[in-house]
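Trainee: Here it is: the structure, laid out below.
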Amino acid sequence: MQNSNNTPNALTHNLTLKVIKLTIAAIIASVFFRPFFVTLPVIFTVLDLINLTLVTIFYIIVRLNIATKQEITLSLLLAIVLITPTFYLSGGVNSHVAVALPLYPIFAALIGGFRESLLVTAFLSISVIITTIFNGLIPDLTGEIHSNEKSIARGFWLTISIVFSGVFGLFFLKKHTEFTDQLKDENIHDPLTGLLNRRGLNRNFSLALETAEMSSTPLSLILIDIDLFKKVNDMYGHDIGDICLIEVGTVLSNNIRKTDTIARFGGEEFIILLPNTSQNEAAKIADNLRKIIAQDKFSDFSLPLTITLGLAERHKQNDNALNMIKRADKALYRGKDRGRNCVELSE
């Protein structure tokens, strides 16, 4: 079972807490150390104290898991609330704070997603355009001397920077999503055959067991081993053996139902999950697969191969994947003792 502390939601929650702590530390540092470096009207100190209060309240909300699903949205909203008054009171597009605005769409894409980045980009762009149009009405309480003639140019380039940042954030998000999906796919698939690996099988097995338990329907599995496969590797080499594995996996995959799940279990073994299927029904499917493999030829050497199959059905009480696989494995070895190229039931 996966530890809940390692789930994506838990990781996002912990990251949010760390960011809030850093923000609180930055605001406190600003309140106590800014007077040594910059002289500003008292209103900026008041803004810092208000911001410190808001961030602290938000930290308590996140810490107590009061609004878990809204954490990202609230984080972005709080970030805009923190910077907007300072941006306005320090001269709008002429403000030193303005240089930080293009970072917001990227942050929104990284911690939120497409919608969040789009909304932040639109909000900031509109805000900058408005402050540029009404620049003459925007106060600058910092006492800085700015050129009004340059305000339109600054507003233009600031808007372009925000839009570019939003586009870059969305592009990065798209690439990150593609890369993450690729990693997830590689993580659950066997690189040789393209079938599910054990990790992918375990995920599907858990879902199948849960469905069978809730619906009181049968669940069977077939454990398959290619007979005397070591001789193929010894006589023709592992590269031909790999080709045979790929082709056998393809034949098995093409001859099962859409509701069934096939995985490479390791080495020359495959496993098939058959939901809503009793052991007797699974035996018919297994024997059909056995015949198909026995009639086919594999690799460029047209090698004849056979398979031995062990079957197990889910017990109605206190059964799990490990026990089912163990029973199928015992049946498989009984089949090998019988001479291979056969189907053996666990019970």
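The values are calculated or read from the model by the stated rules, or taken from the named source; none is laboratory data. Model, not experiment: these values are computed from the prediction. Cβ sites come from the backbone with ideal geometry, for glycine too, and all protein chains shown count toward neighbours. Quick note on the areas: whole protein, heavy atoms, side chains included, nothing else; ligands and nucleic acids left out. Shrake-Rupley method; radii C 1.70, N 1.55, O 1.52, S 1.80 Å.
Trainee: Heavy atoms only, probe 1.4 angstrom, no DNA, RNA or ligands counted: give me ARG338, ARG290 ranked by accessible area, highest first.
Mentor: The residues order as ARG338, ARG290, largest area first.
Trainee: Mean Kyte-Doolittle of at least 1.0 and a Cα length of 20 Å or more along the axis: which whole DSSP H helices of the chain meet both?
Mentor: The answer, listed by residue number, is 8-33, 42-63, 71-89, 114-133.
Trainee: Could you work out how far apart the two model spin labels at LEU77 and GLN295 are, taking each label as a point 7 Å from the Cα in the direction of the beta carbon, and quote it in nm?
Mentor: 6.5
Trainee: Below 8 Å, C-alpha to C-alpha, sequence gap of six or more: please give me the relative contact order for the chain in percent.
Mentor: Relative contact order comes out at 12 percent.
Trainee: Quick check: at a probe of 1.4 Å, how many percent of the accessible area of the chain sits on carbon and sulfur atoms?
Mentor: Taking all protein chains in place, the chain shows 63 percent carbon and sulfur surface.
Trainee: With every protein chain present, what is the per residue accessible area of the chain (1.4 Å probe, Å²)?
Mentor: 58
Trainee: Still on this structure: In the structure shown, do any of LYS230/LYS336; LYS230/LYS297; LYS230/LYS258; LYS284/LYS326; LYS284/LYS330; LYS69/LYS174 have a Cα-Cα gap over 24 Å, and if so which?
Mentor: The pairs that break the limit, which is 24 Å between Cα atoms, are LYS230/LYS258.
Trainee: Something else now. Over the heavy atoms of VAL128, what accessible area does a 1.4 Å probe trace out, to the nearest 10 Å²?
Mentor: Ignoring ligands and nucleic acids, VAL128 comes out at about 0 Å².
Trainee: Binning every alpha carbon pair distance of the chain at 20 Å from zero, what are the percents per bin?
Mentor: 23, 33, 23, 19, 3
Trainee: So what is the calculated 222 nm ellipticity per residue for the chain, using -39500 (n - 2.57) for each DSSP H run with n of 4 or more, over all residues, to the nearest 500 deg cm²/dmol?
Mentor: -21000 deg cm²/dmol
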